[in-house]
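Below: the structure, in structure tokens.
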Amino acid sequence: MEADPLLASVEKSWCADPDFGSQERLQKARTGSYSSTASSGGWALGQEEARGPRLEEPNGLADNDLYVNQAVVFIEDAIQYRSIDHRVDQNSLQLYRWYYSDLCQWILNVTIFVNLALAFIEKPSSLTATSDVRYRKAAWEPPCGLTESIEFITFLTFITDLSVKSYLIGWTEFMKNKWLLCYILTLSVSMADWTVSVCFMCKEGVRIRRLLRPFFLLQNSSLMKKTLKCIKRTLPEMASVMLLLALHLCLFTMFGMLLFAHAKDSKVDAEWLRYFRNLPDSLTSLLVLLTTANNPDVMIPAYSYNRIYSLFFIIFTVIGSLILMNLLTAIIYNQFRGYLMKSVQASLVRRRLGIRAAFEVLSFHREITSCSRDQTACVDCDTFIKVLQKVKMDGYCKLTITEQATCCPGGVISAELFQKLFDELDKDPVRQHPPQPVYQSRFPQVLQIIGSHQYFDHLGSVVALANLLSICVVLMVDAEKSGSDRDDFFLGAINCFFILYYVLEMALKIFSLGIKNYVSYPSNIFDGVLTIILLILEIATFAIYKFPHPGWKPDMQGLLSLWEMVRLVNMFIVFRFLRIIPNMKVMALVASTVLDLVKNLRAFGGILVVVYYVFAIIGIDLFQGVIPNPRNASSSNDSSSNKTSECGTFEQLEYWPNNFDDFAAALVTLWDVMVVNNWQVFLDAYSRYSSPWSKLYFVAWWLVSSVIWVNLFVALILENFIHKWDRSYRHSAALTSSQQVEYHMTVQLMFREDLEEPTDEELLDRLHHHPHLHLSR
């Protein structure tokens with residue numbers, strides 16, 4: 001059920017011996033040394049009675065169904081890269097398939113989402129139009145018991161989820177699984193904290209369970225667990241560079257305090273007064289300079305007095321920002337360089353293990369039912385096809401595997417061939433486009449040739465570019481004009497011309513390719529939908545404001561003014577300009593790489609969601625309400641007045657929406673600090689309004705988000721992008737246009753050349769250590 005280290009070495013035993021013949025295995029089964037029990041749902045040999053009780057030999061229709069269902073579940077585990085270490089008796093298999101059904105997983109995912117989203121609704125509520133303390137109105141607060149009731153329902157779902165998982169893997173495996181043990185602890189603490197909230201009528205000061213909610217997201221994703229494990233493994237190497245950074249910061253802080261000590265000369269004293277008055281201010285100034293957020297502000301007072309002082313700040317920036325920070329990125333990249341490939345390697349082993357387990361189940365079933373005397377274990381094609389029909393998988397993949405299985409010689413499938421059949425799981429089918437219509441007349445044939453030619457697509461891209469340039473020119477001419485002075489005739493006429501071309505282009509393509517062939521191309525769907533939207537908007541514009549003519553004015557005659565209608569049309573035209581991306585090879589490669597990264601790094605993004613959530617909740621508990629309303633005359637802090645505020649401060653920059661008064665505002669504030677532009681403003685403001693110790697919170701967030709997470713993200717992007725870039729050019733150089741790759745690559749297939757296939761002995765050895773499935777070899 002959970003992500004086990006499949007590649008870890010396990011103790012070799014006689015069960016992994018490939019020379020252990022099927023005849024001996026068959027003989028043991030006939031003599032009753034094979035068992036399938038309801039308690040373990042597995043197999044046991046007489047020599048291994050200590051691992052499972054021995055019952056009478058399985059027989060009958062029910063036992064045949066058990067073998068088939070076991071194989072079905074193992075194949076589905078392989079398809080989804082799941083662990084096969086779960087119960088395999090009949091009842092458990094039914095429960096297992098029910099648990100991993102689309103409906104149950106959808107319910108679980110929705111429950112996790114609802115549980116996390118409660119932070120936006122519960123007190124302090126984020127249901128206001130703005131987070132600015134000057135204009136924010138009182139937010140609607142849910143009555144006591146509303147969010148608590150919803151939360152209790154989510155807890156019931158999580159308890160059910162935990163109970164099912166625990167039962168399916170068994171008590172022994174459950175006690176070894178740290179994630180499930182933490183699952184119990186988290187649910188227990190959350191329920192206890194929920195009970196306290198109900199008893200205190202929702203007036204408790206701190207809700208601990210809010211900090212624990214991201215755990216439910218983590219434990220439900222094996223990829224996020226792998227990512228956390230990799231981050232944990234990288235932390236020791238990162239700690240060495242972080243220590244160098246801390247040493248560098250401390251040394252230059254001492255130098256700075258000595259260099260800019262309090263002096264009689266007011267010009268020299270300016271640097272001390274603003275940035276080096278004491279140790280905390282000095283550390284903060286140089287820490288912010290490490291991110292270059294306050295450069296060159298921190299240097300200007302001393303630099304104005306003597307240009308030699310600039311060397312101090314330049315040397316600090318070169319060593320800290322340009323050397324040590326980039327060295328940290330290099331170390332993280334070196335540690336994470338094989339992250340994705342190792343993850344794919346583990347997934348490959350899981351798939352091979354699940355498929356091999358299905359083969360072993362079906363091969364034993366064949367031996368005891370057909371009394372086969374074959375020396376080599378194999379599976380009947382009919383039985384395999386029967387199993388395959390019950391497996392949940394893509395229809396095209398099931399059809400391909402079935403066709404290959406029916407062609408097997410002798411009507412049997414060996415272990416090697418069994419594995420090869422499922423190589424289709426790593427492939428996506430090439431889209432088969434319907435045939436073009438056939439025209440008899442010469443003129444339609446000429447139109448068909450024009451509409452289906454690739455140069456016609458290039459012409460469409462040129463027209464889209466010309467449309468975009470014309471819009472830019474008109475907008476630049478009318479940029480300084482007010483609405484009453486603007487004449488929309490030229491822009492309206494240009495839009496009419498280009499939209500007419502887009503409509504004719506779409507009609508010609510449909511005529512040339514046929515409607516089914518036309519919609520089989522995603523680029524055509526993209527162009528067609530935008531063209532229809534543009535046509536509808538243009539017709540609506542004509543209906544309200546008539547045809548374009550000199551003196552068109554943006555008078556309001558309906559829901560939108562003429563200018564707003566034209567602007568809406570132009571926005572869709574700009575969006576349509578994206579059609580040029582597939583026609584430019586390098587741009588298409590970059591775009592596809594970005595999309596692949598988004599899909600492959602979802603788990604890494606999930607880690608960031610967890611970190612944001614936890615820090616936002618902590619920020620609310622620490623800083624809720626500390627930023628005063630500057631419109632409040634009773635405010636004790638007179639510096640909140642923008643008229644008397646020092647330049648560059650929180651008040652002068654009007655950063656009032658950046659606060660921790662609700663969950664949504666906290667998320668945006670954390671994002672602003674993560675970008676590190678002007679983050680010294682937040683350090684100064686919250687140290688004044690709350691406590692100087694508040695800097696520790698923001699520095700901790702900077703370390704976790706900007707230093708650790710961003711560098712990890714950059715390392716992963718570099719690895720994936722460089723690998724795909726090199727591989728794409730190797731394939732384009734090796735293949736001609738008529739020999740292009742037959743299948744679109746998945747992530748697993750992309751790394752196939754670098755992956756190591758598990759050996760037969762390793763798979764059997766792993767199956768031998770299955771807690772509920774005991775094999776004879």
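The values are calculated or read from the model by the stated rules, or taken from the named source; none is laboratory data. These numbers were taken from a predicted model, which means no experiment stands behind them. Counting neighbours? That spans all protein chains shown, and the Cβs are built from the backbone with ideal geometry, glycine included. Heavy atoms of the whole protein, side chains included, go into the accessibility calculation; ligands, DNA and RNA do not. Shrake-Rupley method; radii C 1.70, N 1.55, O 1.52, S 1.80 Å.
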Give me the percent of accessible area attributable to carbon and sulfur for region 165-318, probe 1.4 angstrom.
70 percent
Between TYR455 and CYS250, how many nm apart are label points set 7 Å from Cα along the C-beta direction?
7.3 nm
Largest-first principal axis extents, alpha carbons of region 204-336, Å
63, 47, 20
Fully extended contour minus Cα-Cα distance, from GLU756 to THR292, at 0.36 nm per residue:
162.6 nm
Give LYS165/LYS226; LYS229/LYS390; LYS178/LYS420 a once-over and call out the pairs whose C-alpha atoms are over 24 Å from each other.
LYS229/LYS390; LYS178/LYS420
Lys and Arg at +1, Asp and Glu at -1: neighbours of ILE627 with Cβ under 14 Å from its Cβ sum to -3
Take the Cα radius of gyration of region 96-138 and divide it by 2.2 N^0.38 Å, with N its residue count; two decimals is plenty.
1.86
Gain on full stretching of the segment that runs from PHE542 to LYS516 - 0.36 nm per residue minus C-alpha separation:
6.2 nm
Averaged per residue, the 1.4 Å probe accessible area of region 206-363, protein heavy atoms only, in Å², is roughly 45 Å²
Residues of region 130-192: accessible area per residue at 1.4 Å, in Å²?
53 Å²
